[in-house]
Amino acid sequence: MIFGKNCSSGGVEWLLVCLGNPGDQYENTRHNVGFQVADEIAARKDVPVQRLKFRALTNTVELGGAKVLLMKPVTYMNLSGEAAQEAAAFYKVPPERVLVVSDDVALPPGRLRIRKGGSAGGHNGLKNLIQHLGTDQFPRVRVGVGEKPHPDYDMADWVLGKLQGEDKKAVDAAVKRAADAVECLIREGPDRAMSRYNG
């Protein structure tokens with residue numbers, strides 16, 4: 001597996017699928033950390049992510065030496081796989097080059113975890129991606145948003161709640177590190193990214 005440039009293919013070499021929910025009411029919620037990472041990368045590259053294609057807001061960026069389709073699915077979280085599947089089929093991108101960025105309630109706020117594949121871990125966006133891609137073997141960068149405060153707390157209320165205070169500070173910093181990790185993974189492969197950013 002050669003990371004970064006793949007000269008044989010025209011078009012897009014990687015999909016970067018950043019998970020979240022469209023709409024102002026979801027901005028700065030725990031579940032929208034993926035969108036924040038997309039916005040961070042878009043700001044660095046000075047490209048707007050606003051072209052509606054494959055049921056996602058998209059733009060093409062050069063990241064880690066490769067041509068990458070940056071995607072913010074507008075299907076809502078639970079149907080994110082529909083957007084990814086359409087784009088992957090169109091560009092003939094294999095699952096190992098569909099890089100997904102999501103929130104993770106099992107990680108402390110601000111912690112990153114990079115994986116080459118694996119279960120959805122209860123995350124509905126990842127569950128739908130696994131279903132539509134037909135495999136759980138696609139790389140992902142997960143950004144910790146912290147566990148709900150007590151077992152009876154409704155999970156939907158927690159992930160759709162706004163980040164505040166120290167948690168927001170930690171996650172804002174992690175969003176920048178996650179953008180770095182994405183570039184590292186595309187350029188140098190998941191093993192290097194895991195050793196550098198899984199803390």
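Using amide H atoms built in the peptide plane, which far-off residues or other-chain residues are under 5 Å from ILE114 H to H?
The list, which skips near neighbours in sequence, is ARG142, ASN198.
Assign unit charges at the C-beta atoms only (+1 for Lys and Arg, -1 for Asp and Glu), then state the dipole size of the chain relative to its Cα centre in Debye, rounded to the nearest 20.
Its charge dipole is roughly 560 debye.
Which distance in nm do the two modelled labels at PHE90 and HIS150 give, with both placed 7 Å along the Cα-to-Cβ direction?
So the label points at PHE90 and HIS150 sit 4.8 nm apart.
Compute the helix-to-body angle for 33-45: its Cα long axis versus the longest principal axis of the chain, expressed 0 to 90° and rounded to tens.
Helix 33-45 and the main axis of the chain meet at about 50 degrees.
For ASP24 paired with LYS176, estimate the spin-label separation in nm (one decimal), with each label point 7 Å from Cα along the Cα-to-Cβ line.
2.8 nm
Quick one: grab the alpha carbon gyration tensor of the range 45-96, order the square roots of its eigenvalues as a ≥ b ≥ c, and give me rounded if a/c is under 1.5, else prolate or oblate depending on whether a/b is larger than b/c.
It comes out oblate by the Cα gyration axes.
For the range 106-114, just list the computed ³J(HN,Hα) in residue order, Karplus coefficients 6.51, -1.76 and 1.60, θ = phi - 60°, integers in Hz, with x standing in for Gly and Pro.
7, 9, x, x, x, 7, 9, 9, 9
Compute the angle between helix 165-188 and the longest alpha-carbon principal axis of the chain, please, reported from 0 to 90 degrees and rounded to the nearest 10.
Compared with the principal axis, the helix lies near 20 degrees.
Taking square-rooted eigenvalues a ≥ b ≥ c of the alpha carbon gyration tensor, is the chain rounded, prolate or oblate, where a/c under 1.5 means rounded and, failing that, a/b exceeding b/c means prolate? Don't jump to the answer; show the numbers that get you there.
On the way: a/c = 1.55, a/b = 1.43, b/c = 1.09.
The shape class here is prolate.
Evaluate Rg over Rh across the range 11-61, taking Cα atoms for both radii and Kirkwood's formula for Rh.
Values: Rg = 11.0 Å, Rh = 11.6 Å.
Ratio of gyration radius to Kirkwood radius for the range 11-61: 0.95.
Rounded to the nearest 500, what is the 222 nm mean residue ellipticity of the chain from helices alone, with -39500 (n - 2.57) per DSSP H run of 4+ residues and division by all residues? Provide the component values of the computation, followed by the final result.
Working: 6 runs with 72 residues, N = 199.
Value at 222 nm, helices only: -11000 deg cm²/dmol.
How would VAL74, VAL100 line up by accessible area, probe 1.4 Å, largest first? Please report the intermediate quantities before stating the final value.
Numbers: VAL74 50, VAL100 0 Å².
Result, largest first: VAL74, VAL100.
Rank by packing, highest mean first: peptides 45-52, 147-154, with packing defined as the count of other Cβ atoms within 10 Å averaged across residues.
Averaged packing, sorted descending, gives the order 45-52, 147-154.
The values are calculated or read from the model by the stated rules, or taken from the named source; none is laboratory data. A quick note: this is a predicted structure, and the numbers were derived from the prediction, not measured. Positions of Cβ are backbone-derived with ideal geometry, glycine not excepted, and every protein chain shown enters the neighbour counts. For the accessible areas, the whole protein counts, side chains as well, though only heavy atoms, and no ligand, DNA or RNA atoms are used. Shrake-Rupley method; radii C 1.70, N 1.55, O 1.52, S 1.80 Å.
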